[in-house]
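Trainee: What follows is a structure written as C-alpha cells; I'll ask about it next.
The values are calculated or read from the model by the stated rules, or taken from the named source; none is laboratory data. None of these values were measured; they are calculated from a predicted model. Here the Cβ positions follow ideal geometry from the backbone for every residue, glycine too, while neighbour counts run over all protein chains shown.
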Amino acid sequence: MTLQASVRNLGLALLPAGVEVGFFVRKAGVETLLAQAKTDAPLFPGQVKVLEYVAQAADAVTLKDAFFARILVDPQNLTFHECREDNNTSPDVLANCQSVQ
C-alpha cells in the first residue's frame, strides 16, 4: 500500500525545502505515526510536492484502516512562517484498491 501526501504552498512566500510530513494510521481512535518524509526542494506559491510512503508489513495496517497526513512543526525550531495553521492535517482516507492489469 502506498500512502501519498500533497504538500501545497498556499501562501505568498517561498516555502523552504525540508517541510516534514508524518504519515499516520488511525485505528479505534488511536493515531500511530508510520513514517516521516521531507520535501527536497523549496516550493513557490501555488506549487505542490507529493510525498510517498510505502507501507511495510511491520506497520500491520489493513485496507479497513483510516490514514491521514500532517505537517510536523517543531515549535522550538520553526523553519518557516505560516499564516494559517488550520490546514496542516489531511482528512482521513481509506485505501483505494485498484486492480492491476
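Trainee: Across region 52-101, what is the number of residues that are outside any loop (DSSP other than H, G, I, E, B) and without any contact (Cβ under 8 Å) to a residue 24 or more places away in the chain?
Mentor: 3
Trainee: Say whether the condition of being exposed (fewer than 14 other Cβ atoms within 10 Å of the Cβ) and either aliphatic (A, V, I, L, M) or within 11 Å of the chain's Cα centre (by Cα) (or both) is met by at least one residue in region 19-26.
Mentor: Scanning region 19-26 turns up no residue that is exposed (fewer than 14 other Cβ atoms within 10 Å of the Cβ) and either aliphatic (A, V, I, L, M) or within 11 Å of the chain's Cα centre (by Cα) (or both).
Trainee: Pairs needed: first member in region 30-51, over 22 Å from Ala66 (Cα atoms); second member anywhere, of a type in the set (S, T, N, Q) and in a strand (DSSP E or B); C-beta distance under 7 Å; at least 6 residues apart or different chains.
Mentor: Val48/Ser6
Trainee: Let me ask you something else. Output the residues belonging to region 1-29 that are of a type in the set (A, V, I, L, M, F, W, C) and closer than 18 Å to Leu72 by Cβ.
Mentor: Leu3, Ala5, Val7, Leu10, Leu15, Ala17, Val19, Val21, Phe23, Phe24, Val25
Trainee: Please work out which residue is modelled with the lowest pLDDT, limiting yourself to region 74-101 and to residues that are farther than 18 Å from Thr32 by Cβ and touching a Leu at 6+ places or on another chain (Cβ under 8 Å).
Mentor: Cys97
Trainee: Can you pull out every residue in region 5-18 that is part of a strand (DSSP E or B), within 14 Å of the chain's Cα centre (by Cα) and surrounded by 13 or more Cβ atoms within 10 Å (Cβ to Cβ)?
Mentor: If the condition is that a residue be part of a strand (DSSP E or B), within 14 Å of the chain's Cα centre (by Cα) and surrounded by 13 or more Cβ atoms within 10 Å (Cβ to Cβ), then Ala5, Val7, Arg8 are the ones that fit.
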